[in-house]
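J.: Below you will find the structure I want to go over with you.
The values are calculated or read from the model by the stated rules, or taken from the named source; none is laboratory data. Keep in mind the model is a prediction, meaning the values are calculated, not measured. Here the Cβ is made from the backbone with ideal geometry for all residues, glycine too, and neighbour counts use every protein chain on show. Ligands, DNA and RNA are excluded from the accessible area calculation, which covers all protein heavy atoms including side chains. Shrake-Rupley method; radii C 1.70, N 1.55, O 1.52, S 1.80 Å.
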Amino acid sequence: MDASLRSKAEQLAGEIASQARTAEDLNGLMRLMMKSALERMLNTEMDVHLGRKALSVGSEEQLAETPMEEASLPLGSPSANRRNGRSHKTVRGDMGELTIDTPRDRNGTFEPQLIGKHQRRVPGFDEKILALYAKGMTTRDIQEIVRELYDVEVSATLISEITADLDAEVTAWRTRPLDAVWPIVYFDGIVVHVRGANGRVSQHTVYVAIGVNLEGHKDLLGLWLAETEGAKFWLSCLTDLKNRGLHDIFVACIDGLSGFAEAIHAAYPQTNVQLCIVHLVRAALRYVSSEDSKAVIADLKKIYQAATVVEAEQALESFAQAWDGKYPTIAKVWRAKWTDIITLFDFPAPIRKAIYTTNAIESVNSVIRKFTRNRKIYPNEESALKIVYLAIHEASKRWTMPIHHWKQALNHFAILYEGRMPE
């Protein structure tokens, strides 16, 4: 908003404040202003359509002062098209329901852009419905909130129509081409409950692949949904990534799913596989009481932040001596998976920090769980994918900075993977 427009808005706000006595008065004045503004903008569009005015700054203000009858073209002009009255239409928006007068033309060729012929919602209203849908709210929740906030009744069919446009968007996003090289890729799965065609509810897993690109920024690369998991399914996911252009991964971080490491080596033979530290720590905390969690995390850090494998083994022994009395399962699990954990020590410190300090997986999981918590059961697979897509889209708005220590890590990647780094 420029300074002059802001000044006018403040002046108008002062006049309104002097006239309004209650919140209801203010709401009525705002609704009247919105109705007037929409009608004036539609009249401007009509004059541009008839060729009377060129669309320029200030045209709305000039046209607002032009009588309706003068705005139409004379019958003897080269174009006989002219205004032909107005039609009434009720639209929904932030101000509730508004009845506006939309101009018509004789030839019926006027196609308003602000609010289309068959459009019944003010621009921006659909985005608010989608935002509520993205938060994991059910159709009934959305209906109640819109009714309370805007005094507008929305049907389940309307909400379905608004969210239906997401299908094409999700499909396009899931099939978009990818960069050829991603230094780090994290793979993970989230369990959701989906109702099948036969009406039976079963557990499905939403699988995600989050990559760190050469600039150190996180991005979601793939999203898949399946009722069963295994090496065969993961291989199909990896093949999908390859078909979309991802030809090389330096380090793949996984959460220990059965057969997954083998699938990665089959699709990307040169990729180093690392058991995700985030998942290891999170799994360990399942056994720990809240009062001990900080101390346990601090001792686990001594293991995966050790300088060498020997120091890490010593830290694991110290951890076992300190905590086996209360939590014997943790050290036992880490020893069982030790071969997959020590891959980390094949890399210098900057790359290790880039691998285990990024909270990409944890942040995405927390957002997805927050959004899916309100929906115990999804009516179909498409609905589950749409919700997860919207959740991740919301989370990615915060992915504006590269992960910590990335420049140092990139220098080491260039040396360790010489010949595989793009120029």
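J.: (1) at pLDDT 70 or above; (2) open to solvent by less than 50 Å² (accessible area, probe 1.4 Å); (3) in contact with a strand residue (DSSP E or B) (Cβ under 7 Å, 6 or more places away or on another chain): which one isn't true of residue 99, the others all being true?
T.: Result: residue 99 passes all but (2).
J.: Which pairs have Cβ atoms under 8 Å, sit 6 or more apart or on different chains, and link a residue in region 327-339 that is open to solvent by less than 80 Å² (accessible area, probe 1.4 Å) to one that is outside any helix (DSSP H, G or I) and hydrophobic (A, V, I, L, M, F, W, C)?
T.: Within 8 Å, the pairs are 327/288; 330/288; 337/275.
J.: Test residue 423 against the stated conditions and say whether it is acidic (Asp, Glu), modelled with pLDDT under 80 and surrounded by 13 or more Cβ atoms within 10 Å (Cβ to Cβ). Spell out how you get there, then give the answer.
T.: Values: acidic (Asp, Glu): yes; modelled with pLDDT under 80: yes; surrounded by 13 or more Cβ atoms within 10 Å (Cβ to Cβ): no.
Answer is no for this residue.
J.: Same structure, new question: What number of residues within region 348-396 satisfy the criterion of being at pLDDT below 70 and among the aliphatic types (A, V, I, L, M)?
T.: 2
J.: Could you run through region 211-234 and say how many residues are under 26 Å from the mean Cα position of the chain (by Cα) and not in a strand (DSSP E or B)? Talk me through it step by step, then tell me what you get.
T.: Within region 211-234, the subset under 26 Å from the mean Cα position of the chain (by Cα) is 211-229, 233-234.
With the extra rule that they be not in a strand (DSSP E or B), the set shrinks to 213-217, 227-229, 233-234.
Summing the residues that are under 26 Å from the mean Cα position of the chain (by Cα) and not in a strand (DSSP E or B) in region 211-234 gives 10.
J.: Moving to a separate point now. If we scan region 198-209, do we find a residue that is open to solvent by 20 Å² or more (accessible area, probe 1.4 Å), assigned to a loop (DSSP other than H, G, I, E, B), out of contact with any strand residue (DSSP E or B) (no Cβ under 9 Å at 6 or more places or on another chain) and within 24 Å of residue 398 (Cβ to Cβ)?
T.: no
J.: Of all residues in region 393-419, which are farther than 27 Å from residue 346 by Cβ, open to solvent by less than 40 Å² (accessible area, probe 1.4 Å) and either among the acidic types (Asp, Glu) or part of a loop (DSSP other than H, G, I, E, B) (or both)?
T.: Listed by number, the list holds a single entry, 399.
J.: Then there is this: Is it the case that residue 240 is of a type outside the set (S, T, N, Q), within 23 Å of the chain's Cα centre (by Cα) and in a helix (DSSP H, G or I)?
T.: Spelling it out, residue 240 is indeed of a type outside the set (S, T, N, Q), within 23 Å of the chain's Cα centre (by Cα) and in a helix (DSSP H, G or I).
J.: Also, quick follow-up: Being of a type outside the set (Asp, Glu) and touching a Phe, Trp or Tyr at 6+ places or on another chain (Cβ under 9 Å) is the filter; apply it to region 231-240 and report the residue that is most open to solvent (accessible area, probe 1.4 Å).
T.: Checked region 231-240; the qualifying residue most open to solvent (accessible area, probe 1.4 Å) is 236.
J.: Across region 249-268, what is the total count of residues that are acidic (Asp, Glu) and either part of a loop (DSSP other than H, G, I, E, B) or open to solvent by less than 20 Å² (accessible area, probe 1.4 Å) (or both)?
T.: In the first step, residues of region 249-268 are kept if they are acidic (Asp, Glu); the result is 255, 262.
When the remaining residues are screened for being either part of a loop (DSSP other than H, G, I, E, B) or open to solvent by less than 20 Å² (accessible area, probe 1.4 Å) (or both), the result is 255.
Residues meeting the conditions: 1.
J.: Could I ask something else about it? I'd like the full set of residues that are hydroxyl-bearing (Ser, Thr, Tyr) and either modelled with pLDDT of 90 or more or touching a strand residue (DSSP E or B) at 6+ places or on another chain (Cβ under 6 Å) (or both), limited to region 309-347.
T.: Result: 318, 327, 329, 343.
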